[in-house]
């Protein structure tokens, strides 16, 4: 909205108006606005939820302090959604395909989570929305994201031109002011399904590789491979975030750390100077995503004001499904999705702990007639609770691990 205002009024020479055109200024405005919305709207929503007795139903799992959380307001994810969407609508370029995709993602998964919470809270059905409908919603979003990234005309990457011998083409460029001569690579903007692959020399992977043997007729199959990968990524990360949201502040803080990391990656990928210096893929128009992720960071950090131990409100599936999905789609859009197992390592560990627990229990029950467990309880944060570690300490230690993984994710840009 404010960027459109700038476009309308830029010819009137209004003092200070020009700042709106800078991504850095609009990102700062987005994060501040997001924090203010969280602080203001959050308190009122919590009061409303308490008044309507919209509280969490807690099953007795034998965890210390668990029953004390009974009745804590849930569906606080509405605070997060509002704190992301409103600043984005105010400060981002709404004609940017990537921004529109993130708005759709936030609203789509927020709606699925809201329906699930509504069924649990208002209809008193502890099962909530059937799992098959959740998966259907996530798969549908995956198809939308994959189709947009694959077919939208303005979704391109800039790559270096090669000659017939496979060597990069270079040209001599003379600076008009200084007369200094520099040699630059010749580049062009192309449609591509390439993404970033860490720890290797070329640093890139193309989804067409598994079906390259088919030849020029592989275009349709190429899209299927790409769409399948995106669907798996969105579904896995979204559900993993949902599993992580089991103790106060864990999913929120972890998401904030991942959001900061993705913001850095988006900024350098959308800045031609930094992209050239780091020798990474330059993605035109992707820098605008910094405004969205700034709102995301503000929303998650602001929500911690109420969600940190002891929590005054829970986000519910309204928030957790949306947070995981946003991180997944954002990584896909900036072509860093292969970094997700590292970047979202906490989510991955939480998810794997459940898979390992269930698989081992079924295996031992089938083999010995009695199921055995690897962990005292899954997801793994409950394992540590069972060992008597205070909830706040578990969350802090998981955050520290998340920060370490975030730093490693960033330095993969140079480690090859």
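The values are calculated or read from the model by the stated rules, or taken from the named source; none is laboratory data. Fair warning: this is a prediction, and the values are worked out from it, not measured in the lab. Methodologically, a virtual Cβ is constructed for each residue, glycine included, from the backbone with ideal geometry; neighbour enumeration extends over all protein chains shown.
Picking from residues in the stretch 173-192 that are in contact with a strand residue (DSSP E or B) (Cβ under 6 Å, 6 or more places away or on another chain) and part of a loop (DSSP other than H, G, I, E, B), the one that is modelled with the lowest pLDDT is 186.
Conditions tested, residue by residue: (1) closer than 30 Å to residue 27 by Cα; (2) in contact with a strand residue (DSSP E or B) (Cβ under 6 Å, 6 or more places away or on another chain); (3) not in a helix (DSSP H, G or I).
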{"position": "195", "(1), (2), (3)": "yes, yes, yes"}
{"position": "198", "(1), (2), (3)": "yes, no, yes"}
{"position": "202", "(1), (2), (3)": "no, no, yes"}
{"position": "237", "(1), (2), (3)": "yes, no, no"}
{"position": "246", "(1), (2), (3)": "no, no, yes"}
{"position": "264", "(1), (2), (3)": "yes, no, no"}
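Here is the figure for the stretch 357-407: residues that are in contact (Cβ under 8 Å) with a residue 60 or more places away in the chain and part of a helix (DSSP H, G or I) total 14. In the set (1) at pLDDT below 80; (2) farther than 27 Å from residue 316 by Cα, the condition left unmet by residue 51 is number (2). May I ask you to verify whether residue 353 is in a helix (DSSP H, G or I) and surrounded by fewer than 24 Cβ atoms within 10 Å (Cβ to Cβ)? Criteria met by residue 353. The single condition among (1) surrounded by 14 or more Cβ atoms within 10 Å (Cβ to Cβ); (2) modelled with pLDDT of 90 or more; (3) within 22 Å of residue 242 (Cβ to Cβ) that residue 364 does not meet is (3). Just one of (1) closer than 25 Å to residue 192 by Cα; (2) in contact with a helix residue (DSSP H, G or I) (Cβ under 8 Å, 6 or more places away or on another chain); (3) surrounded by fewer than 24 Cβ atoms within 10 Å (Cβ to Cβ); (4) touching a residue at least 40 places away in the same chain (Cβ under 8 Å) fails for residue 331. It is (3).
Would you pick out the residues in the stretch 268-308 that are buried (at least 17 other Cβ atoms within 10 Å of the Cβ) and not in a helix (DSSP H, G or I)? Within the stretch 268-308, 270, 271, 280, 281, 282, 283 meet the criteria.
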